[in-house]
1. Anyone know which of Gly197, Gly53, Gly270 comes out most mobile in the 10 Å Cα GNM of the chain?
2. Take the Cα radius of gyration of segment 139-297 and divide it by 2.2 N^0.38 Å, with N its residue count; two decimals is plenty.
3. Could you size up the charge dipole of segment 109-244 around its Cα centre, putting +1 on the beta carbon of Lys and Arg and -1 on that of Asp and Glu, and report it in debye to the nearest 20?
4. Once both axes come from the Cα atoms, what is the angle between helix 29-40 and the longest principal axis of the chain, in degrees from 0 to 90, rounded to 10?
5. May I ask which residue of Ala176, Leu156, Leu218 lies farthest towards the positive end of the charge dipole of segment 149-249, with charges of +1 (Lys, Arg) and -1 (Asp, Glu) on Cβ and the Cα centre as origin?
6. What shape does segment 34-154 take by its C-alpha gyration tensor, where a ≥ b ≥ c are the square roots of the eigenvalues and a/c under 1.5 counts as rounded, a/b above b/c as prolate, and the rest as oblate?
7. Please work out the Kirkwood hydrodynamic radius for segment 152-242, using every pair of different C-alpha atoms, and report it in angstroms with one decimal place.
8. Could you provide, to the nearest whole Å², the per residue accessible area of segment 235-281 with probe 1.4 Å?
Amino acid sequence: MGRSTRARRTGQNRMLRLLDGLERQPRADTLIDRVARGVRALPLGDGRDLLHGRWLGHPVHPLIVQIPVGSWLSAAVLDLRPGRSRDAGVLIGVGLAAAAPAALAGAVDWAELQRPQQRVGLVHALANTTAVGLYAASLACRAKGRDGAGRGLAFLGLTAAAAGGMLGGHLAYRQAAGANHAEAVPHVVSAGWHRVGAVADFPAGRPTRRTVDDVPVLVIRELGGTFHALADRCSHLAGPLSEGTVADGCVRCPWHGSVFRLSDGWNVKGPATAPQPAFDTRIVDGHVEVRLRDGDDTQDNPTDEAVTDGPDADNP
């Protein structure tokens, strides 16, 4: 059975086959490595988390791209009407001005993605760069009075931007780039307390992985005996926090360096834009139990049933 026949029988269209093939295509991997290292080396400081969108709770790149896309689409509508080339040029200029911060935010996110996502993201960036070049040429033609050429180049730019948008949608929805990979935890873990092991099973200061309702959970025992528990899979790209490093009351993801506070799962450093689901902990009969924490719960206000046996915690 030929490849095309198999694709027809499984309902996979040609576009999906091309995108799936792009995810597996290694030819540009060397270029990807070089560009990603360059992006990570940019001296952005705290601006890196600003561009990731940690302050917003989700990536900021999709928000910024609405400006150039909306401006260019509006310019195309005006170009369909006689005598509106000048107005369309103003909108094209607005889109070009907004394209730079949108591209920088996208590049910062892209540098921290997995390889298949980076492959698609590279073509996404090339399509958008082509759109920027075409729109810049369109604006130059309009400035010289060549409105017909300017309109033609603008429509070509819109086509390139549409291709880039399609690839961006594939990244976001098919490959889950930028999605919160810990969002499902509260919907999967059942209510109530879950026993995860004896106190003696948790060496102080060492990340330990347990499972609750098939959900991986990171359990940390501090030197003083206090226990913390977070969803183990990083909200950024599902990296295993139990393989990360613990310092200053936080855990650092081993994959892309996101840092989460152990006490409540708050993401204190990106690229993660969403916090980790946190669990309440207690010790009963020398065993550690965890319970998914509600948004209003805090460790400063434990429930009546959250009984901790101090001697067992300190001297297993």
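The values are calculated or read from the model by the stated rules, or taken from the named source; none is laboratory data. All values reported here derive from a predicted model rather than from experimental measurement. So basically every Cβ, Gly included, is an ideal-geometry build from the backbone, and we count neighbours across all protein chains shown. All accessible areas refer to the heavy atoms of the entire protein, side chains included, with ligands and DNA or RNA removed. Shrake-Rupley method; radii C 1.70, N 1.55, O 1.52, S 1.80 Å.
1. Fluctuation is largest for Gly197.
2. On the way: Rg = 23.1 Å, N = 159, 2.2 N^0.38 = 15.1 Å.
Segment 139-297 yields a ratio of 1.53.
3. Values: 13 positive and 10 negative charges, 122 e Å.
Dipole magnitude for segment 109-244 comes out near 580 debye.
4. The helix 29-40 is inclined about 70 degrees to the chain.
5. Leu156
6. Numbers: a/c = 2.68, a/b = 2.16, b/c = 1.24.
Verdict is prolate for segment 34-154.
7. 16.1
8. On the way: 1650 Å² over 47 residues.
Normalised by residue count, the accessible surface of segment 235-281 is 35 Å².
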